[in-house]
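For reference, the structure is listed below as structure tokens.
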Amino acid sequence: PAKDAPASEPVVFSTDGTHPLFETGHKLYLDAIVRSMPALKAAGRPGPHPLPSPLMADNWENGSMVSIEAPEVTRSTGWQKIEPPNGTEKTQRISEYFPGVWQATQPGDTLEFTFDGVGFGLSGFRGPSAGLFRVTVDGRPPLTATFFDSYSYAGRVSHKAWFYPQDLPRGKHRVKIEFLAELPDHAAILKKDGIAFKQPDSAPAPVFQLAAILLAGSFSE
């Protein structure tokens, strides 16, 4: 710009750090596509295009989503199949994307499976009643987790993915997931995001709701 030209107004791409605004963020994407299309057309050629070697050997290209009803999964008797919880069918179309929703409510309800790969996770639901669960992999020390987060209080329930946070070497791994039937420390979790905890009139009964097991690999004997 000219030396004496007024500074241009900054472009606000997004107000939540994730979703681009229609008037600005989407336009930036469109401009990038329009700007790049001539070069893409000039460089393109019909026919197969061999892929280069992966940037990371332990990538998750073989990811899959499987039901906890799969015969490879050992499920304790306390699990019950339920409808998608608290309006999530309307807002997130759960039945279109997931094989079904199961719920555990009793301490000690478990899932166990063995897989061959480099990582795994769980597809579940966050909300005020999302309880604690313990995950044990091979001989590693168990860790405790929850689907509850700062987006799930005040009655809001929605789908959320959780992934085992430790690196796993490629190969076979034995996984045990146990519901602890306890609520996490809501105040501490909300405080991390600067949200004040409002004590409810009564504590909800903890539940453990799952829509699928996420595998970077495949089930194994």
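Lysine pair count for the chain (Cα-Cα distance under 24 Å; residues 8 or more apart in sequence or on different chains): 9. Over all orientations, the chain has a Cα convex hull whose mean projected area works out to 19.7 square nanometres.
Assuming charge only on the beta carbon of Lys and Arg (+1) and of Asp and Glu (-1), the dipole of the chain about its Cα centre is about 340 debye to the nearest 20.
Rounded to the nearest 20 debye, the dipole size of the range 163-205 about its Cα centre is 320 debye, using +1 on the Cβ of Lys and Arg and -1 on the Cβ of Asp and Glu. The figure for Ser202 is an accessible area of roughly 80 square angstrom, using a 1.4 Å probe on the protein chains alone. What the Cα convex hull of the range 102-216 gives, in volume per residue, is 101 Å³. Note on Thr114 and His49: the extension gain reaches 19.9 nm, defined as 0.36 nm multiplied by sequence separation minus the Cα-Cα distance. Could you give the accessible area per residue of the range 80-221, probe 1.4 Å, as a whole number in Å²? Here the per-residue accessible area is 50 Å². Between Ser95 and His26, the distance separating the two model label sites (each 7 Å from Cα on the Cα→Cβ line) works out to 3.0 nm. Taking all Cα-Cα distances within the range 81-143, those exceeding 14 Å account for 68%.
Distant-in-sequence amide contacts of Val101, defined by a placed amide H-H separation under 5 Å and a gap of 5 or more residues or a different chain, comprise Ile82. Only bridges whose two residues both fall in the range 111-221 count here: according to DSSP, what percent of them are antiparallel, nearest 5? Rounded to the nearest five, the antiparallel share is 95 percent. Between Ala57 and Glu9, the C-beta separation translates, for a Förster distance of 30 Å, into a calculated FRET efficiency of about 0.05.
With the charge dipole of the range 1-160 set up from +1 on Lys and Arg Cβ and -1 on Asp and Glu Cβ about the Cα centre, the Cα lying farthest toward the positive end among the listed residues Leu132, Asn59, Ala145 is that of Asn59. A Gaussian network model of the chain, with springs between Cα atoms under 10 Å, assigns the largest mean-square fluctuation among Phe98, Phe208, Phe197 to Phe197.
With a Förster radius of 25 Å, plug the Cβ-Cβ distance of Ala188 and Phe163 into 1/(1 + (r/R0)^6) and report the FRET value to the nearest 0.05.
That gives a FRET efficiency of 0.70.
Counting only alpha carbon atoms, the long axis of helix 25-43 and the longest principal axis of the chain meet at about 70°. For the range 51-173, the normalised intensity computed at q = 0.21, 0.22 Å⁻¹ comes to -1.43, -1.51 (log10 of I(q)/I(0), Debye sum over alpha carbons, equal scatterers, no solvent). Projecting the Cα atoms of Leu168, Pro71, Pro85 onto the dipole axis of the chain, where Lys and Arg carry +1 and Asp and Glu carry -1 at the beta carbon, places Leu168 farthest toward the positive end. Placing dummy labels 7 Å off each Cα toward the beta-carbon, the span from Arg174 to Thr18 is 3.7 nm.
Placing unit charges on the Cβ atoms only, positive for Lys and Arg and negative for Asp and Glu, gives the range 55-140 a dipole magnitude near 400 debye about its Cα centre.
Between Thr136 and Ala196, what's the calculated FRET efficiency when r is the beta-carbon distance and R0 is 30 Å? Round to 0.05. It comes out at approximately 0.30.
Give, as a single signed number, the net charge of other residues whose beta carbon lies under 15 Å from the beta carbon of His173, with Lys and Arg counted +1 and Asp and Glu -1. Within the 15 Å Cβ shell, the charges total -2. Maximal additional length on extending the Arg75-Lys41 stretch stands at 7.0 nm, based on 0.36 nm per residue less the C-alpha distance. The fraction of accessible area contributed by carbon and sulfur in the chain is 56 percent, rounded to a whole number (1.4 Å probe; ligands and nucleic acids excluded).
The values are calculated or read from the model by the stated rules, or taken from the named source; none is laboratory data. As the structure is a computational prediction, the values presented were derived from the model and not from experiment. Here the Cβ is made from the backbone with ideal geometry for all residues, glycine too, and neighbour counts use every protein chain on show. Surface areas here come from the heavy atoms of the whole protein model, side chains and all, with no ligands, DNA or RNA. Shrake-Rupley method; radii C 1.70, N 1.55, O 1.52, S 1.80 Å.
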